[in-house]
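Please read the structure below before turning to the comments.
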Amino acid sequence: MSDIERIKVPTMAEMMAAGEIPEILFWVGCAGSFDDRAKKITKAIVKILHNAGVKFAVLGAEESCTGDPAKRAGNEFNFQMQAMMNIQVLDGYEIKKIVTGCPHCFNTLKNEYPELGGNYEVIHHTQLIQDLIKSEKLTLKGGGGFKGKKITFHDPCYLGRANDVYEAPRSAMEKLDAELVEMKRCKQNGLCCGAGGAQMFKEAEKGDKEINVERTGDAIDTQANIIATGCPFCNTMMTDGVKHFEKEAEVKVMDVAELIASAADL
Amino acid sequence: MGISNIIFIILFIGAVVWFAFNVKKIISNIQLGRKVDRSDNTGLRWKTMIKVALGQSKMTARPVAGLLHIVVYAGFVIINLEMLEIVIDGISGSHRVFEPLLGGLYSAFINVFELLALGVLIGCVIFFIRRNILRIPRFHKAEMKTWPKSDANIILVIEILLMTAFLTMNAADTNTSGNFLVSSGLKGFLPIDENSLYLIERSCWWFHILGVLGFLNYLPYSKHFHILLAFPATYYSNLLPKGQFTNMHAVTNEVKLMFDPNADPYAAAPEPDPNAEVVRFGAKEVNDLTWKNLMDSYSCTECGRCSSECPANQTGKLLSPRKIMMDTRDRLEEFGANKGVDDGKSLLHDYITTEELRACTTCNACTQACPINLDPLSIIMEMRRYLIMEESNAPQEWNGMATNIENNGAPWQFAQADRLNWATEE
């Protein structure tokens, strides 16, 4: 049963009509909006926001691709058109603070929109979760039934190396009563899942191995039961990697938001 | 002043002039690059240079190679102080000019130099073994055949010979009261008659100084030029978050015009600014890259840490960030030598292929791995821009993705109106 229906997800348009201003805009992203697996992460983030009493809103049908994959592919026109349209929408609602469900949206909004006139405080959802736990707005019940479980965190490139966010996801998961184990390549030295640079949207170039298989191998080597990540694209790549090794029964790929939402019994 | 001093002075001046000439050529090649402003934030820039270049902070990410490199680097830099004495002796005909001036301190200095020389010697021998006998994989990738392979070995052999000559020279020197730490151990291997020793000492002295001058002039032809360029390369590092890719201002102007409701679509094109650079979107040729990209290419010492961390390279794709740097440098040398005459070639396609560029995941593993903060990724990105915006050269799936983004605001073919469906569906 999905309890998301009990949570009303307000749009900016509705908020504005009601004369209200949200604390934070939740930027869902394309994967979070349309990909069936990623939608579950979106819902987990919504549950966390709701439960912690954060006054938030989404753009809904007014949200559009940030332009990240276009820019990484080299299509700057496509990117800037998207950016300018999004900035008009965001500025129209006088948005000050944004939380994203995706490191690619996070990076683009945070680093690449300012030069085009869009200036916002942008955080990634793992940073928000860390803050909510720290400020005790979000409390985990016990540790969420992760006893005896091993979790390993795969650093998304656009969260980690691109923006030096390594601690937030780890510290958010500290409260879980699971054992956090690191892969041999982690943090600054983490290996890409293979999806970045718009690779997600095309066939890989010719090689002798798939990158996601190489990376999932690292994760499986840790004997972890759960591969945690903070990016819907990493999630897809790692899930496919687990399938490649036929380990679906033993190893689950979960977003940090899903782990926390489940531990908080939301 | 004897004939040998005159020969020395001529050789010394010749070596310095030739070196300066080659350095000037490299500088003017670097200046072929596009403008990029890295004059900001001088405090942080000095700090970065001191930490990363002088302090070798990123080298130790791989402890064995890192520590050995620090030994060789420190030794090489400090032993060069001894060059001052050698040059004065060479010009004036004196012998160990500082010995009477420094007294007991002199032995201490030479002892330190000898210990460092021994360190450099051992370090280089281990490097040679790692490269040629242990065959560390990153030294044997596709781009490390022919010249790059010989270049690395030539450098190591020269350093080994120079250090050996320096120590043998000290061991054979009967005109010093010093009995130095390392070289005294070599005396047993040398003949004892004064004449032979004198001959050995003079030969080593000449071999050493000519070797140093020769090595100096080898640098501009070699990857080893990094010993100089590592400093400006780190000083002018990209200080922005690694995820922030450059904004293309030429595109911004056009996009803004499209968004401007007051823009007159039938207006005559504005008078072109005669001083404006003719800009291409992205990079096809070396002079489409920034001067920092070009400086990076001369700073790269082909260690291959970038490629060994690159996810594409590790999974057998054609892309190797090190090759991107090497190709940029090789083409720049050629392009500079052409002096504006079109040779029908370009960096893109003739050196770097589409397949290499398409394999990049933009993960920044290469820029993280580089011990001197070089940035192969920005070269890759500029060339990707050229492929798409100037050649309309994209894989079919990327064309579909771009169309979807334009039409329905997502890389997939879903209607923008459905973006909130997740909130109400089971």
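The values are calculated or read from the model by the stated rules, or taken from the named source; none is laboratory data. The structure displayed is predicted, hence computed values, not measured ones. Here Cβ is always computed from backbone atoms with ideal geometry, including for glycine, and neighbour counts include all displayed protein chains.
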Quick count over the stretch A:8-43, residues being among the charged types (D, E, K, R), assigned to a loop (DSSP other than H, G, I, E, B) and within 13 Å of A:TYR93 (Cα to Cα), is 2
Would you mind finding the one in A:ARG185, A:ARG215 that is in contact with a Leu (Cβ under 9 Å, 6 or more places away or on another chain), charged (D, E, K, R) and more than 30 Å from B:PRO395 (Cα to Cα)? A:ARG185
B:LEU348 at pLDDT 95 or above, outside the structural domain of B:PHE21 (by TED's automatic domain parsing) and assigned to a helix (DSSP H, G or I): yes
Determine whether the stretch A:14-34 contains at least one residue that is farther than 21 Å from A:MET254 by Cα and within 9 Å of chain B (Cβ to nearest Cβ). no
Residues that are more than 7 Å from chain A (Cβ to nearest Cβ) and in a helix (DSSP H, G or I), drawn from the stretch B:386-403: B:TYR386, B:GLN396, B:ASN399, B:GLY400, B:THR403
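This table checks each residue for (1) in a helix (DSSP H, G or I); (2) surrounded by 13 or more Cβ atoms within 10 Å (Cβ to Cβ); (3) in contact (Cβ under 8 Å) with a residue 12 or more places away in the chain.
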| site | (1), (2), (3) |
| --- | --- |
| B:ILE50 | yes, yes, no |
| B:ALA65 | yes, yes, yes |
| B:VAL77 | yes, no, no |
| B:GLU85 | yes, yes, yes |
| B:VAL112 | yes, yes, yes |
In the stretch B:87-104, which residues are free of Cβ contacts under 8 Å to residues at least 40 places away in the same chain and either polar (S, T, N, Q) or not assigned by TED's automatic domain parsing to the domain that holds B:LEU181 (or both)? B:SER94
If the Cβ limit is 7 Å and pairs must be 6+ apart or interchain, which residue in the stretch A:118-141 that is over 30 Å from A:MET85 (Cβ atoms) pairs with which residue that is of a type in the set (S, T, N, Q)? A:GLN130/A:SER171; A:LEU138/A:ASN51
Checking the structure you have, find out if any residue of the stretch B:96-103 is of a type in the set (Phe, Trp, Tyr), assigned to a helix (DSSP H, G or I) and surrounded by 17 or more Cβ atoms within 10 Å (Cβ to Cβ). yes
Apart from one, (1) more than 12 Å from the chain's Cα centre (by Cα); (2) surrounded by 15 or more Cβ atoms within 10 Å (Cβ to Cβ); (3) more than 9 Å from every other protein chain (Cβ to nearest Cβ) all hold for A:THR139; the odd one out is (2)
Residue count for the stretch A:207-249, restricted to those that are within 11 Å of chain B (Cβ to nearest Cβ) and either assigned to a loop (DSSP other than H, G, I, E, B) or modelled with pLDDT under 95 (or both): 4
I need the full set of residues from the stretch A:88-129 which are more than 13 Å from the chain's Cα centre (by Cα), β-branched (Val, Ile, Thr) and more than 22 Å from B:PHE245 (Cβ to Cβ), in order please. A:VAL89, A:ILE95
With (1) within 25 Å of B:SER392 (Cβ to Cβ); (2) out of contact with any Asp or Glu (no Cβ under 8 Å at 6 or more places or on another chain); (3) of a type in the set (Asp, Glu) as the list, and B:GLU355 as the residue in question, which single condition is left unmet? (2)
Within the stretch B:273-306, the residues that are at pLDDT 95 or above and aliphatic (A, V, I, L, M) are B:ALA283, B:VAL286, B:LEU289, B:LEU294, B:MET295
The conditions are (1) within 14 Å of chain B (Cβ to nearest Cβ); (2) β-branched (Val, Ile, Thr); (3) surrounded by fewer than 21 Cβ atoms within 10 Å (Cβ to Cβ), and A:VAL181 fails exactly one of them. Which is it? (1)
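Which of the residues belonging to the stretch B:404-423 are within 7 Å of chain A (Cβ to nearest Cβ), out of contact with any Phe, Trp or Tyr (no Cβ under 7 Å at 6 or more places or on another chain) and not charged (D, E, K, R)?
Selection gives B:ILE405, B:GLY409, B:GLN416, B:ALA417, B:LEU420, B:TRP422, B:ALA423.
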Just the residues that are at the interface with chain B (Cβ under 8 Å from one of its Cβ atoms) and of a type in the set (A, V, I, L, M), please, taken from the stretch A:35-58. A:VAL46, A:VAL58
